[in-house]
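The values are calculated or read from the model by the stated rules, or taken from the named source; none is laboratory data. Keep in mind that what you see is a predicted model, and the values were worked out from it rather than measured. Here the Cβ positions follow ideal geometry from the backbone for every residue, glycine too, while neighbour counts run over all protein chains shown.
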Amino acid sequence: IVGGSFTAIDSHPWVAAIYHKGRFLCGGSLIAPCWVVTAAHCFIQTEEIKTENLFVYLGKTAINETDADKEQSFFVKKLINHQEYNKSNYNNDIALLMIKGINGGCAVKSASARTVCLPPSHTHLPAGFQCSVAGFGKEKYGAWRYSQFLKQGEVKLLSRTDCKREPHYKELFTNNMICAASPDWSTDACEGDSGGPLVCEVSGRMFLFGVVSWGENCAEKNKPGVYTQVTNYNNWIAEKTGLQKYTKG
Ligand code: 4AZ
């Protein structure tokens, strides 16, 4: 995260940290005790990513430290990349990880680990709505390292027409994306935040509206952060996980 502020995992307890061969790879969000939502582009790289080399942590505040009291660690039992993920334009940049605890079982609810709600599929938030993005990604575009500690930043949603038009992303912006930025362009997701949550508070509850996906540079004027629009994938998530879809009440 560029700009924003350091934060405790207890304030973003759905944040998952995904590691590949012992190196931090991407963020994610816990949506059910056994399921993490993340970005497909994290797993579709030059090097083939095998599920046996992936580990997921909940309750983590620092990337290179272990807080055994707070942390829960998991294997990845199943990696499901969206079948229509398009690596040339990042369309359908969403993936699911089925996690399994080192001692069996899934995530156990605590002050530092809990699920985030999925918004109902029809939900539409107005332009200017303030949301929060969190992650361990770089604090500056081009930095050598990721952030050692979890950060969060406040960003506002742009309208779809704004995301699509000059000086923004034009045809690069698809109907499966949302874009958000801070009004002064000081706060944004950056490399390493990918897969992590964009959450928005509606009626006193936090909902996962976006998955960090891409953007031109970080915190650059007229270049908002682009997120996978989670509300387009309720059916896909329900189908792949077998979880009950959101129902009113
Ligand atoms: C990345 O490389 C990345 N400013 C993620 C988000 C943004 C830029 C780059 C958005 O993973």
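Being free of Cβ contacts under 8 Å to residues at least 60 places away in the same chain and β-branched (Val, Ile, Thr) is true of Ile44. Here Ser121, Ser73, Ser29 are screened, and the one residue that is in contact (Cβ under 8 Å) with a residue 60 or more places away in the chain and assigned to a strand (DSSP E or B) is Ser29.
Here's the yes/no breakdown for (1) out of contact with any Lys or Arg (no Cβ under 8 Å at 6 or more places or on another chain); (2) surrounded by fewer than 24 Cβ atoms within 10 Å (Cβ to Cβ); (3) of a type outside the set (D, E, K, R); (4) more than 21 Å from His12 (Cβ to Cβ):
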position: Pro197; (1), (2), (3), (4): yes, no, yes, no
position: Cys200; (1), (2), (3), (4): yes, yes, yes, no
position: Ser203; (1), (2), (3), (4): yes, yes, yes, no
position: Gly210; (1), (2), (3), (4): yes, no, yes, no
position: Ser213; (1), (2), (3), (4): yes, no, yes, no
position: Asn217; (1), (2), (3), (4): no, yes, yes, yes
position: Glu220; (1), (2), (3), (4): yes, yes, no, yes
position: Lys223; (1), (2), (3), (4): yes, yes, no, yes
position: Gln244; (1), (2), (3), (4): yes, yes, yes, yes
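Among the numbered conditions (1) under 29 Å from Ala238 (Cβ atoms); (2) without any contact (Cβ under 8 Å) to a residue 40 or more places away in the chain; (3) surrounded by 13 or more Cβ atoms within 10 Å (Cβ to Cβ), the only one that Ala134 does not meet is (2).
In this structure, is Thr51 modelled with pLDDT under 95 and touching a strand residue (DSSP E or B) at 6+ places or on another chain (Cβ under 9 Å)? Criteria not met by Thr51.
With Leu158, Leu150, Leu198 as the choices, which residue is more than 14 Å from the ligand (Cβ to nearest atom), touching a strand residue (DSSP E or B) at 6+ places or on another chain (Cβ under 7 Å) and touching a residue at least 12 places away in the same chain (Cβ under 8 Å)?
On the way: Leu158 fails: more than 14 Å from the ligand (Cβ to nearest atom); Leu198 fails: more than 14 Å from the ligand (Cβ to nearest atom).
Just one listed residue meets the conditions, Leu150.
Looking across segment 204-224, the residues that are assigned to a loop (DSSP other than H, G, I, E, B) and within 16 Å of the ligand (Cβ to nearest atom) come down to Gly215, Glu216, Asn217, Cys218, Ala219, Lys221, Asn222, Pro224. If you go through segment 122-171 and keep only what is of a type in the set (Ser, Thr, Tyr), touching an Asp or Glu at 6+ places or on another chain (Cβ under 9 Å) and farther than 14 Å from Val202 by Cα, you end up with Tyr141, Tyr146, Ser147, Tyr169.
In segment 170-191, how many are free of Cβ contacts under 8 Å to residues at least 40 places away in the same chain and part of a loop (DSSP other than H, G, I, E, B)?
Step one: list which residues in segment 170-191 are free of Cβ contacts under 8 Å to residues at least 40 places away in the same chain, which gives 170-171, 183-185.
Adding the requirement that they be part of a loop (DSSP other than H, G, I, E, B) leaves 183-185.
Total satisfying the criteria: 3.
Among the residues of segment 225-243, none qualifies, meaning not one is away from the ligand (no atom under 13 Å from the Cβ), at pLDDT below 95 and basic (Lys, Arg). Listed conditions (1) in a strand (DSSP E or B); (2) charged (D, E, K, R); (3) at pLDDT below 95 are all met by Glu201, apart from (3).
Consider Cys106 carefully, then state whether it is surrounded by fewer than 20 Cβ atoms within 10 Å (Cβ to Cβ), at pLDDT 95 or above and under 27 Å from Asn232 (Cβ atoms). Write out each step before concluding.
Working: surrounded by fewer than 20 Cβ atoms within 10 Å (Cβ to Cβ): yes; at pLDDT 95 or above: yes; under 27 Å from Asn232 (Cβ atoms): yes.
Judged against the criteria, Cys106 is a match.
Among the residues of segment 2-58, write down those that are surrounded by 21 or more Cβ atoms within 10 Å (Cβ to Cβ), more than 27 Å from Asn91 (Cβ to Cβ) and β-branched (Val, Ile, Thr). Of everything in segment 2-58, just one residue is surrounded by 21 or more Cβ atoms within 10 Å (Cβ to Cβ), more than 27 Å from Asn91 (Cβ to Cβ) and β-branched (Val, Ile, Thr), namely Ile9.
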